[in-house]
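To keep things clear, I will list the structure first and then write my remarks on it.
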Amino acid sequence: MTALPVILTEGFIPQVRVNEHVVVGQTIAKKKSKTEEVVNVAEELDMPLNKVKHVLKKNPGDSVISGEIIALKQKWFGLKKWAIFSAIEGIVLRYERGTGNLVIRTMQSNAAETIESPIEGIISQSDSEKIVIETDKNVLSGKRGYGDSTQGEVFLLNAALGKDAPDPSNLVYAIDGQVHDKIIVGGVFSRDMLIKGLGVGAKGFIGTEFEDDDVSYMAKKSITTPVIEVDDDIIAFLIQWKGKNVFLEPQSNSIVLLQG
């Protein structure tokens, strides 16, 4: 089994329980869009509550746009000004005299944001920080791996694939900005190819051969970008997965094919 962690950002609430079986496309976390924003004018402008009403530039029912002034405090005959700008677009609902809060209803949709499972598996952790899915579905096994787990889009280094691929020392040119944030899939990787890939922001490497010294070099430099060595048949399969996402788990030498 391979563990796929799904990190939850602030506001997302898990919709699944530990030991629950999930399928591809099932909602595993949900976040309700905010409908109101609250600005405490008294605190922001450091002034007493009974003075706030005189600095408000918007009243209940008024519309506001992002970047528009909603309160303005002036001092020393207008020479000094402190302003509060709206961070959102919406409608002013109310001003609360007892708290100094100005409440704005946002123009966002009330629809909830969701996170869907990219694989079929069993939930082994479900909390406010992350959901972990254990799976043996769509998992390819490599021969050895190094580095930390990561997720990214498959980028085929076509020049490095096939029996007629040139010597790895002549393939550095093939790695450029297109591999940024992607998983490079190729054949034999040289150290120069790895260094070039790291320099332009590649998220991982899958190949048929990596020199032990090159992997040791990455470890000595505390570079944890994942590397997984595989057989030719795995490369052939990944060629069909071009442009789709995979999850690399070097500790178990696993490559998980993600849906969606």
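May I ask you to list pairs of residues, at least six apart or on different chains, whose Cβ atoms are under 7 Å apart, with the first in region 231-243 being touching a residue at least 12 places away in the same chain (Cβ under 8 Å) and the second being surrounded by fewer than 12 Cβ atoms within 10 Å (Cβ to Cβ) and assigned to a helix (DSSP H, G or I)?
none
Are there strands (runs of 3 or more DSSP E) fully within region 1-88 with at least 2 residues that are in contact with a Phe, Trp or Tyr (Cβ under 9 Å, 6 or more places away or on another chain)? List them.
Values: elements: 2-7, 27-31, 36-40, 69-75, 80-85.
Fully inside region 1-88 and qualifying: 2-7, 27-31, 69-75.
Mind listing whichever residues of region 138-147 are open to solvent by less than 80 Å² (accessible area, probe 1.4 Å) and not hydroxyl-bearing (Ser, Thr, Tyr)? Explain how you work it out, then say what you get.
Filtering region 138-147 for residues open to solvent by less than 80 Å² (accessible area, probe 1.4 Å) gives 138-140, 142, 145-147.
138, 139, 140, 142, 145, 147 - these are the residues of region 138-147 that are open to solvent by less than 80 Å² (accessible area, probe 1.4 Å) and not hydroxyl-bearing (Ser, Thr, Tyr).
Kindly indicate which of 38, 52, 24 is at negative phi and either modelled with pLDDT of 95 or more or touching a helix residue (DSSP H, G or I) at 6+ places or on another chain (Cβ under 9 Å) (or both). Outline the logic, then answer.
Numbers: 38 fails: either modelled with pLDDT of 95 or more or touching a helix residue (DSSP H, G or I) at 6+ places or on another chain (Cβ under 9 Å) (or both); 24 fails: either modelled with pLDDT of 95 or more or touching a helix residue (DSSP H, G or I) at 6+ places or on another chain (Cβ under 9 Å) (or both).
Criteria check complete, one pass: 52.
Quick one: count up the residues across region 146-178 that are at pLDDT 90 or above, within 22 Å of residue 212 (Cβ to Cβ) and more than 23 Å from the chain's Cα centre (by Cα).
Going through region 146-178 one residue at a time, the tally reaches 3.
What about residue 164, is it assigned to a loop (DSSP other than H, G, I, E, B) and within 12 Å of residue 228 (Cα to Cα)? Before you say what the answer is, go through the steps one by one.
Working: assigned to a loop (DSSP other than H, G, I, E, B): yes; within 12 Å of residue 228 (Cα to Cα): no.
It is false that residue 164 is assigned to a loop (DSSP other than H, G, I, E, B) and within 12 Å of residue 228 (Cα to Cα).
Based on what the data block shows, is residue 181 over 28 Å from the mean Cα position of the chain (by Cα), open to solvent by 70 Å² or more (accessible area, probe 1.4 Å) and of a type outside the set (S, T, N, Q)? Break it down stepwise before answering.
Details: over 28 Å from the mean Cα position of the chain (by Cα): no; open to solvent by 70 Å² or more (accessible area, probe 1.4 Å): yes; of a type outside the set (S, T, N, Q): yes.
So residue 181 fails the test.
Collect the residues in region 219-238 that are β-branched (Val, Ile, Thr) and within 24 Å of residue 199 (Cβ to Cβ), keeping them in residue-number order.
So in region 219-238, the residues β-branched (Val, Ile, Thr) come out as 223-225, 227-228, 230, 234-235.
Correct list: 223, 224, 225, 227, 228, 230, 235.
What are the residues in region 41-56 that are under 38 Å from the mean Cα position of the chain (by Cα) and either open to solvent by 30 Å² or more (accessible area, probe 1.4 Å) or among the hydroxyl-bearing types (Ser, Thr, Tyr) (or both), if any?
Matches in region 41-56: 43, 44, 46.
Give the number of residues within region 57-81 that are open to solvent by 90 Å² or more (accessible area, probe 1.4 Å) and within 36 Å of the chain's Cα centre (by Cα).
Qualifying residue count for the region: 1.
The values are calculated or read from the model by the stated rules, or taken from the named source; none is laboratory data. No experiment lies behind these values; they were computed from the predicted model shown. All Cβ positions, even for glycine, are placed from backbone atoms using ideal geometry, and neighbour counts span all protein chains on display. Note: areas computed on protein heavy atoms with side chains; ligands, DNA, RNA excluded. Shrake-Rupley method; radii C 1.70, N 1.55, O 1.52, S 1.80 Å.
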